[in-house]
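Okay, so here's the structure we're looking at.
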Amino acid sequence: MREERTKRLLTWLGITFMVGFCLVPFFFMIIVSLSRDPTFLSSQEVKYLMTLRNYGHILRAGSLHFPAYLRNSLIISALVALFTTFVAGLAAYAFSRYRFPGRRLIPLGVLGISMFPQISVVGYLFKLMTGLGWINTYNALIFPYIAWALPLALWIVLSYFMQIPQELDRAALVDGASRFQTLYKIIFPLALPGLFSTALLVFIFSFNEFLFALMLTTDQAARTIPVGIALFQGLHGEIPWGHIMAASTISSIPLVLLTVGFQRYIIQDLTKGALKG
């Protein structure tokens, strides 16, 4: 009995520590974004008065271009997530259903190529985008993001497709369905948890990516949130912590909403869906 209580106590202590460790930085970010003076921790006077002034300033100030950065990030990340997940689904279906030479080596090769650091290709990528005339456009970020996220997306979706019995494909083909009909009427619905997880991870990656966005954009026409927030310091000549934290708080909202909204799809048991069908 004592052993069970001790185990339960340690479990709750571990959970509390992990939750606190993850949430304390977010609470601190929100507190700083609402404070009149972000240096209240180091000043002798207590300046905890809360205000929405920082939020109003970043949303209205024309020099910060925050709404444009947020719009660019949402559009680019959504397009990259949708296209990458769809292409990964097609590739995963081919690798999991067809038998051809290199069927096992190609995914490993794709994964190996993706392990090269971004800094090793950004120079060549800049020359390519300059030659195409795509610098400071959505295309300059969408295509590199798709190429960079596709290996991870492929492996996630492939792991789900491998768990779906191939008897379902054979039954659909016997009933007169084509391969494409089998894919989008049977395989895709059963693999929804994997597809949603993949889309969410790719969206987060694209939304938070910094290096490509820094090198391939020049102003608010295509610049994304991470680079825009990093340049707040240069615009003001000092570090405007209140503005930075307010912008970071607003930028976190889409990711939180997506995670909460897709949670039930992500944790859904894939095999239950297959058995119900």
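Quick notes on this one:
- Odd one out for Thr217 among (1) crowded, with 18+ Cβ neighbours inside 10 Å; (2) within 19 Å of the chain's Cα centre (by Cα): (2)
- Qualifying residue in segment 131-140 (condition: of a type in the set (Phe, Trp, Tyr), over 24 Å from Leu82 (Cα atoms) and assigned to a helix (DSSP H, G or I)): no
- Among all residues of segment 60-67, there is none that is within 30 Å of Ser178 (Cβ to Cβ) and either assigned by TED's automatic domain parsing to the domain that holds Pro165 or of a type outside the set (D, E, K, R) (or both).
- Screening the candidates Phe116, Phe143, Phe86, Phe95 for the property of being within 30 Å of Phe212 (Cβ to Cβ) and touching a residue at least 60 places away in the same chain (Cβ under 8 Å) yields one hit, Phe95.
- Met215 under 30 Å from Arg36 (Cα atoms), assigned by TED's automatic domain parsing to the domain that holds Ile135 and aliphatic (A, V, I, L, M): no
The values are calculated or read from the model by the stated rules, or taken from the named source; none is laboratory data. Quick caveat, the model's predicted, so the values are computed rather than measured. Every residue, glycine among them, receives a Cβ derived from its backbone with ideal geometry; neighbour counts consider all protein chains shown.
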